[in-house]
Amino acid sequence: MPIYEYKCEKCEVVFDVLHKSSKTIDEVVCPKCQSNKVKKLFSTFAASIAGANNNTSPCSDGGCGVNYSSPCSSGMCGVN
């Protein structure tokens, strides 16, 4: 099931929705104001390669505030 990112056109909050196979954009509502005036955003994705060093980004020293560790990097999320 894919996760999509939306922005509410009424209150401008950005939020994620885990879509089930039959859910459409008409059924998505803002969790803050309950408006159905939402817009799907273009999002990036993350991928991991087994055995690869995930700390090779320019932010690996922690300078940009991005945390590259996740439960999935150790195989604990059940996806690997």
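Coordinate-derived values only; no laboratory data. Keep in mind that this is a model prediction, so the values were computed, not measured. Positions of Cβ are backbone-derived with ideal geometry, glycine not excepted, and every protein chain shown enters the neighbour counts.
Stretching Ser48 away from Glu5 to a fully extended chain increases their span by 13.4 nm, per 0.36 nm per residue minus the current alpha-carbon distance. How do Phe15, Phe42 line up, fewest other C-beta atoms within 10 Å first? So the residues, fewest neighbours to most, are Phe42, Phe15.
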